[in-house]
Amino acid sequence: MTDEPLAPGLYIVATPIGNLGDITLRAADILARCDAIACEDTRVTAKLLRHLSLHKPLWRYDDYSSEVDRQRLLASMREKAIALVSDAGTPLISDPGYRLVQAAREAGIAITSLPGPSAAIVALTLSGLPNDRFLFAGFLPPKEKARADALAELAQVRATLIFYESAPRLVKTLAAIELGLPGRDVAVARELTKLHEECRRGPPQQLIDHYTAHPPRGEIVLLVGPPAERENTETDLDALLFAAMLHEKPSQAAAQVARATGMDRKMLYARALELKSQEHQTG
Ligand code: SAM
């Protein structure tokens with residue numbers, strides 16, 4: 001570490017997600033040497049600075065800040081070293097900063113990003129779910145129909161899915177997963193890095209039962225394992241499509257089978273139409 005002044009520009013600084021001991025040496029160094037800190041909630045960042053025995057000007061910023069405020073911040077980055085932090089974890093990850101970074105890049109301002117905690121990655125490593133491919137999907141929509149549509153879109157992704165979720169919505173979201181992504185292994189990672197950290201894994205219904213009996217508190221990451229690796233043979237798929245078409249139109253049957261198998265919905269729809277026309281020819 002050095003007392004040298006920092007070069008002007010934007011420094012994206014990840015901060016702890018609960019345990020203040022998780023601040024990195026480099027994050028502490030940059031926060032100590034920067035000229036000012038752009039942050040979401042000045043009270044939250046002031047607490048972190050007290051922990052580090054630092055005093056810095058704090059400027060409130062989020063993606064809803066006015067264009068004038070953003071331009072003012074960008075102008076100051078030409079002469080000063082400005083750190084960007086969020087309330088917790090890595091800025092921009094379901095947190096403000098995207099517009100600022102985009103604008104800073106367009107304006108040719110020097111930008112660097114300091115790696116550090118992010119709840120999504122902590123949860124992924126803790127869950128024991130496959131991590132060779134994962135998709136971070138942020139918060140699911142709170143409304144039932146929009147949430148079901150979002151899950152239907154994700155059902156085809158052959159990767160572990162990571163969502164941020166709030167405690168009051170957990171059980172409803174687990175029920176939507178049970179319906180929209182049947183047969184998947186799920187993990188609930190709660191209060192990560194804090195005193196009451198837990199990671200509970202199992203089929204959605206088991207987790208629904210547990211969290212109905214013990215309503216969860218605190219912050220939550222929800223993870224859904226990838227669809228089963230089992231190769232669906234043509235005969236399997238035809239049988240599933242036939243079964244679904246007993247009650248549904250081909251398009252809905254294809255969507256249902258796509259959700260259950262993770263297979264491509266358009267391909268299944270084409271096959272459903274073929275099966276339907278064969279049925280008419282022979283029937
Ligand atoms: N930027 C942050 C990051 O990198 O993780 C995420 C900010 S987002 C607004 C806040 C959400 O992250 C919470 O609602 C929760 O879903 C998740 N989260 C943050 N801290 C957490 C923790 N300690 N344990 C579990 N989930 C956490």
Cβ-based charge dipole, segment 120-224, positive-most Cα from LEU192, VAL171, VAL122: VAL171
Neighbourhood charge, 12 Å Cβ-Cβ cut-off, centred on LEU223 and excluding it, Lys, Arg +1 and Asp, Glu -1: +2
Rounded to the nearest 20 debye, dipole of the chain from Cβ charges on Lys, Arg, Asp, Glu: 500
ARG72 - accessible surface, heavy atoms, 1.4 Å probe, Å² rounded to 10: 150
Heavy-atom accessible surface of segment 234-278: percent carbon and sulfur, 1.4 Å: 56
Solvent-accessible area, 1.4 Å probe, carbon plus sulfur percent, for segment 68-175: 55
CD proxy at 222 nm, helix term only [per DSSP H run n ≥ 4: -39500 (n - 2.57); per residue of the chain; nearest 500]: -13000 deg cm²/dmol
Sequence of LEU84, LEU54 from largest to smallest accessible area, 1.4 Å probe: LEU54, LEU84
Accessible solvent surface per residue of the chain, calculated while the other protein chains remain in place, 1.4 angstrom probe, Å²: 54
Dipole-positive endmost among ALA244, ALA255, ALA272 within segment 234-278 (Cβ charges, Cα centre): ALA255
Most mobile listed residue (PRO226, PRO215, PRO91) in the chain, GNM with C-alpha springs under 10 Å: PRO215
Span from the segment 88-111 Cα centroid across to the segment 3-26 one, whole angstrom: 15
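The values are calculated or read from the model by the stated rules, or taken from the named source; none is laboratory data. A quick note: this is a predicted structure, and the numbers were derived from the prediction, not measured. Cβ sites come from the backbone with ideal geometry, for glycine too, and all protein chains shown count toward neighbours. Accessible surface areas use protein heavy atoms only, side chains included; no ligands, DNA or RNA. Shrake-Rupley method; radii C 1.70, N 1.55, O 1.52, S 1.80 Å.
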